[in-house]
Amino acid sequence: MINRDRQWQSHMEMAQIGATPAGGVCRLALSDEDRESRALFVRWAEEAGCTVRVDRVGNIFARRPGTEKELPPVMTGSHLDTQPLGGRFDGAYGVLAGLEVVRSLNDSDTQTRAPIDVVVWTDEEGCRFTSKTMGSMVFTGMVSEEMVCEVLDPDGKSFGDELKRIGYAGSEPCGGYPIKAYFEAHIEQGPLLEQAGIPVGAVVGAQGQRCFIITVTGEEGHAGTLPMDQRRDSFLGAARMTDAINRVAFEFDPVPVATVAHVQVRPNSRNTIAGETKFTIDSRHPDADTLAALEEKMLDACRDIAEDMKLDIAIDRTSVAPPVSFDITLIDSIRNAAKELGIQYMDMFSAAGHDACKLAEIAPTAMIFVPCEKGISHNELENATPEDLAAGTKVLFEVILQAANS
Ligand code: GLV
Ligand code: MN
Ligand code: MN
């Protein structure tokens, strides 16, 4: 049976790696902290009798063997990287829930027919190297290993070099083999479960997402001498565009989400007018057509502002992820497991993106959500209770067992 206290202890130990003074975690992808958290996971997995493999983009697979070696694995996991001011549970929960399932199977000496792989995906968060779910996208064949390895962080360090530096450029090819089922446990990152007083969400799908980098180019000039009416201020343009993007979102019903949150200003000097400003747009909606319409309206608004202000604009669409529906058989197995365990559950949609959204392209996939305090996530205050984490893990245990023996 799932050991609530052991799972919580592991969470607290993992959360010490990259711990921030305000109680959160900073473990950027492929940083020293990422390396340390990977090493801790590998140690725990090996202590639990797993064999660990690392693929060429650093995805880690800890395998608990099945009695029938040839069967495709049942896979579960998530990520250990975090936002710069992230929390203790986003990602880590799915990895440690998988580990707890393995430990619990060991406690009762339970064999499964299919092997079970607990996976740590590389760079889910996408806040250091531009695009998110890098490891799972290479694994599922959506992008090439070469492309991902060339991506640079803001300091000009490449994904490939940083992967080697932390010692996780493995030798295994990325993906290319069948997976019986993929389950990902995650905190909800929103308020619905907590508000409903329900410990488990059976996740039926996830909303789509489109991301962009907008580069606005004007002209540098002296902040004291250049008259206001003669300026081509790229930052002022970006600010007006940000406001327009926000207003455009409110024209839709139900309202999509559109966020500008990463801005780079050049030369970033108090007394030089900003010659170039780059900013990101992260836009999301459950309906693919709405997302496409939102893109058109947002980008048109940005182009109009650029024209009015005599600024140049370059638009780079960095990612398009369609809305995802998870596998109905696996969703049912989650519902049934919760019922049999006497754990209240509700169906829900994921507003956040996850590695599971990529896995859904190549394998039957579903997710289990648990509540987090006040729905707060991507925030150092992110919190969850040992009971809720254990409730989700109990359900995960049952559905893995069922999938691995069927
Ligand atoms: C993942 O953290 C996301 O951006 O949804
Ligand atoms: Mn996550
Ligand atoms: Mn996240």
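The values are calculated or read from the model by the stated rules, or taken from the named source; none is laboratory data. The structure presented is a predicted model; accordingly, all values stated were derived computationally and were not measured. When we count neighbours, we look across all protein chains shown, and the Cβ atoms used for this are built from the backbone with ideal geometry, even at glycine. Remember, those area values only see protein heavy atoms, side chains included, never the ligands or the DNA or RNA. Shrake-Rupley method; radii C 1.70, N 1.55, O 1.52, S 1.80 Å.
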Compute the distance from the alpha-carbon center of the range 362-406 to that of the range 1-32, in whole Å.
16 Å
Taking the range 105-185, the equivalent ellipsoid from its C-alpha gyration tensor has semi-axes in Å, biggest first, of 29, 14, 12
If you take every residue apart from residue 237 with its C-beta less than 12 Å away from the C-beta of residue 237, what net charge results, scoring Lys and Arg +1 and Asp and Glu -1?
-2
Under the 7 Å Cα-to-Cβ spin-label approximation, residue 177 and residue 257 lie apart by a distance in nanometres of 3.6 nm
So which trypsin sites (Lys or Arg not before Pro) in the range 237-289 pass both tests, a DSSP loop state and at most 15 other Cβ atoms within 10 Å of the Cβ?
270
Once the dipole of the chain is set up from charges on Cβ (+1 Lys and Arg, -1 Asp and Glu), the residue from the list 209, 405, 126 lying farthest towards its positive end is 405
Summed side-chain charge close to residue 350 - residues other than residue 350 whose Cβ falls under 12 Å, Lys, Arg +1, Asp, Glu -1
-3
Specify, per residue and in Å³, the volume enclosed by the convex hull of the alpha carbon atoms belonging to the range 215-319.
91 Å³
Rounded to the nearest 10 degrees, the helix 92-107 long axis (Cα) sits at an angle to the longest Cα principal axis of the chain of 10 degrees
Integer Hz, Karplus 6.51/-1.76/1.60 couplings in order for the range 50-56, x for Gly and Pro:
7, 9, 9, 10, 10, 8, 6
A correct Kirkwood calculation over the Cα atoms of the range 51-111 returns a hydrodynamic radius in Å of 13.3 Å
Return the FRET efficiency for the residue pair residue 300, residue 229: r is the Cβ-Cβ distance, R0 is 25 Å, and the value is rounded to the nearest 0.05.
0.45
Can you tell me the orientation of helix 4-14 relative to the chain, as the angle in degrees between its alpha-carbon axis and the longest Cα principal axis, to the nearest 10?
40 degrees
Over its alpha-carbon atoms, the range 1-108 yields an Rg and a Dmax in Å of 14.2, 47
Can you list, largest first and rounded to whole Å, the semi-axes you get for the range 153-277 by taking the square root of 5 times each eigenvalue of its Cα gyration tensor?
41, 27, 13
Keeping every protein chain present and rolling a 1.4 Å probe, give me the accessible area per residue for the range 205-244 in Å².
48 Å²
State the Cα centre-to-centre distance between the range 293-321 and the range 161-210 in whole Å.
31 Å
Looking at the range 90-242 from every direction and averaging, what is the projected area of its Cα convex hull in nm²?
15.5 nm²
Figure the gain on full extension for residue 250 and residue 385 (residue separation times 0.36 nm, minus the Cα-Cα span) and round it to one decimal in nm.
45.1 nm
Based on the Cβ-Cβ distance of residue 113 and residue 374, what FRET efficiency does E = 1/(1 + (r/R0)^6) give at R0 = 25 Å, to the nearest 0.05?
0.05
When all C-alpha to C-alpha distances in the range 296-406 are sorted into bins of 5 Å, what percent of pairs does each bin hold, rounded to whole numbers?
2, 9, 15, 16, 14, 12, 8, 6, 6, 5, 4, 2, 1
Under the rule rounded for a/c under 1.5, else prolate if a/b exceeds b/c, else oblate, using alpha carbon gyration tensor axes a ≥ b ≥ c, the range 156-225 is classed as oblate
Roughly speaking, to the nearest percent, how much of the range 269-406's 1.4 Å accessible area is carbon and sulfur?
47 percent
If you keep only loop residues by DSSP, which GluC sites (Glu not before Pro) in the range 198-278 have at most 15 other Cβ atoms within 10 Å of their Cβ?
251
For a label point 7 Å from the Cα of residue 192 along Cα→C-beta, name the residues of the range 201-221 whose backbone N is under 18 Å from it.
201-209
Karplus couplings for the range 266-272 from phi (6.51 cos²θ - 1.76 cosθ + 1.60, θ = phi - 60°), rounded to Hz, Gly and Pro as x?
10, x, 6, 10, 3, 10, 10
Please give the FRET efficiency for residue 9 paired with residue 346, using the beta carbon to beta carbon distance and R0 = 35 Å, rounded to the nearest 0.05.
0.75
Take the solvent-accessible surface of the protein heavy atoms, probe 1.4 Å, and return the percent of it on the range 24-101 that carbon and sulfur atoms account for.
52 percent
Listed residues 92, 62, 245: farthest to the positive end of the dipole of the chain (Cβ charges)
62
Shape box of the chain [Cα atoms, principal axes, largest first, Å]
77, 46, 40
Among the GluC sites (Glu not before Pro) within the range 310-406, which fall in a DSSP loop and have no more than 16 other Cβ atoms within 10 Å of their own Cβ?
361
Cα axis of helix 386-405 to longest principal axis of the chain: angle in degrees, 0 to 90, nearest 10?
60 degrees
Can you grab the distance from the C-alpha centre of the range 220-288 to the C-alpha centre of the range 36-84, Å, no decimals?
41 Å
